[in-house]
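Below you'll find the structure, written out as structure tokens, and then a few comments.
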Amino acid sequence: MTSPAGATAGIASINADISAVQARIASIAASVGAPVGTASSASSNSSASASQFATALADASPTSGGSAVAGTSGVNGSAVVADAEKYLGVPYVWGGESNSGLDCSGLVQKTFKDLGIDVPRIASDQQKVGQAVPSLKDAQPGDLLFFGQPAYHVAIYMGNNKLIESPEPGKTVHITDVYQQPTSIRRIVPSASALAAAGPTPAGGLSSGQLTAAGLNRSVAAYATQFAAAESQFNLPTGMLAAVAQQESGGNPHAVSPAGAEGLMQLMPSTAAGMNVNALDPSQAIEAAAKILHNNLKQFGNSVPLALAAYNAGAGAVQQYGGIPPYSETQNYVRNITSMMRAGA
């Protein structure tokens, strides 16, 4: 979604070149919600021809001003797709940025924000970040497909010639075939295979591939680098944070428990407030969980089972019972997490 069309003082001359006019039409098409492929958008999409596609990619190459995106460590394209799928069925709302309504670039921004990555709000600005992908055959899940130069529409590539998008008024976030050639493609995060091939993370923890091999799901494995960094910083056992995230939320940064615990690491609102963190921000949640587990280990003689029990039931319950409390939930919790940690060792 581009910004609403409005009269611009700079467009006063009747001698404006064709490219400026086409960009203007694209902006108007987006502001009225015209879908890709309609008459109004087709007139501005002449840039989707093969020659112009090549030109646009050359202009948007990694060495031609594409800016880096902060906070991408440990997140892969599969995690992007998995998060975007959570919004299937959300209605298109121009300018929408929430579960009640999303436009195309709103879907992209919200998906990446869920994963702790900040991208611009407007499609034409999103088109300038990350790295250029030469063609659709080179695209990986999680790449962004742009239509128009500057872009008036953006979608998330899912692989196998499928995309997920919020297309136009009257429709919802849905999955469909790639229905026309993108003008440009940008990669914000690496593919899952690229992260797995990279092996262990620089912090010495477990890579995305190692976590999935240990039985953890892709959504959890997407945070491999962040887990490893926090484990190194707070001197936690390798794989501990990933196993806790798997048990707590299954890797869902939006998760809210019946008791009100929130986010990837299921922090209670009072705990998050006391630590001055946003429980729904994965990066902040991981660091907060690492601090809590570090303190639990220190309090309970570096006992991993007792530190985990305290994370689940509270340090007071562990002290009261002199060990893992006799709660079936807590006992299963400790058993499951320590089993996952052994599998990843």
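The values are calculated or read from the model by the stated rules, or taken from the named source; none is laboratory data. Since the structure is predicted, the reported quantities are computational estimates derived from the model, not experimental observations. Backbone-built Cβ (ideal geometry, glycine too); neighbour counts: all protein chains shown. For accessibility, only protein heavy atoms count, side chains too; no ligands or nucleic acids. Shrake-Rupley method; radii C 1.70, N 1.55, O 1.52, S 1.80 Å.
So which of 141, 150, 169, 120 is open to solvent by 10 Å² or more (accessible area, probe 1.4 Å) and in contact with a Phe, Trp or Tyr (Cβ under 6 Å, 6 or more places away or on another chain)?
Exactly one of 141, 150, 169, 120 is open to solvent by 10 Å² or more (accessible area, probe 1.4 Å) and in contact with a Phe, Trp or Tyr (Cβ under 6 Å, 6 or more places away or on another chain), namely 169.
Select from segment 288-313 the residues that are within 15 Å of residue 248 (Cβ to Cβ) and either free of Cβ contacts under 8 Å to residues at least 60 places away in the same chain or in a loop (DSSP other than H, G, I, E, B) (or both) and list them in ascending order.
If the condition is that a residue be within 15 Å of residue 248 (Cβ to Cβ) and either free of Cβ contacts under 8 Å to residues at least 60 places away in the same chain or in a loop (DSSP other than H, G, I, E, B) (or both), then 288, 289, 292, 293, 296, 307, 309, 310, 312, 313 are the ones that fit.
Would you be able to tell me the number of residues in segment 268-316 that are under 21 Å from residue 238 (Cα atoms), more than 19 Å from the chain's Cα centre (by Cα) and either modelled with pLDDT under 95 or not hydroxyl-bearing (Ser, Thr, Tyr) (or both)?
Count: 24.
Tell me which of these residue 157 doesn't satisfy, since it passes every other one: (1) aromatic (Phe, Trp, Tyr); (2) within 21 Å of residue 252 (Cβ to Cβ); (3) open to solvent by 10 Å² or more (accessible area, probe 1.4 Å).
That leaves (2) as the condition not met.
Can you pull out the residues in segment 253-273 that are at negative phi and either open to solvent by 70 Å² or more (accessible area, probe 1.4 Å) or among the polar types (S, T, N, Q) (or both)?
Matches in segment 253-273: 256, 257, 258, 259, 268, 270, 271, 273.
So which residues in segment 279-297 are among the polar types (S, T, N, Q) and crowded, with 16+ Cβ neighbours inside 10 Å, if there are any at all?
Hits for segment 279-297 are 283, 284, 296.
From 90, 80, 119, grab the single residue that is over 9 Å from the mean Cα position of the chain (by Cα) and within 30 Å of residue 229 (Cβ to Cβ).
119
Can you go through 225, 201, 238 and tell me which one is open to solvent by 50 Å² or more (accessible area, probe 1.4 Å), polar (S, T, N, Q) and modelled with pLDDT under 95?
On the way: 225 fails: open to solvent by 50 Å² or more (accessible area, probe 1.4 Å); 201 fails: open to solvent by 50 Å² or more (accessible area, probe 1.4 Å).
Result: 238 is the single residue among 225, 201, 238 that is open to solvent by 50 Å² or more (accessible area, probe 1.4 Å), polar (S, T, N, Q) and modelled with pLDDT under 95.
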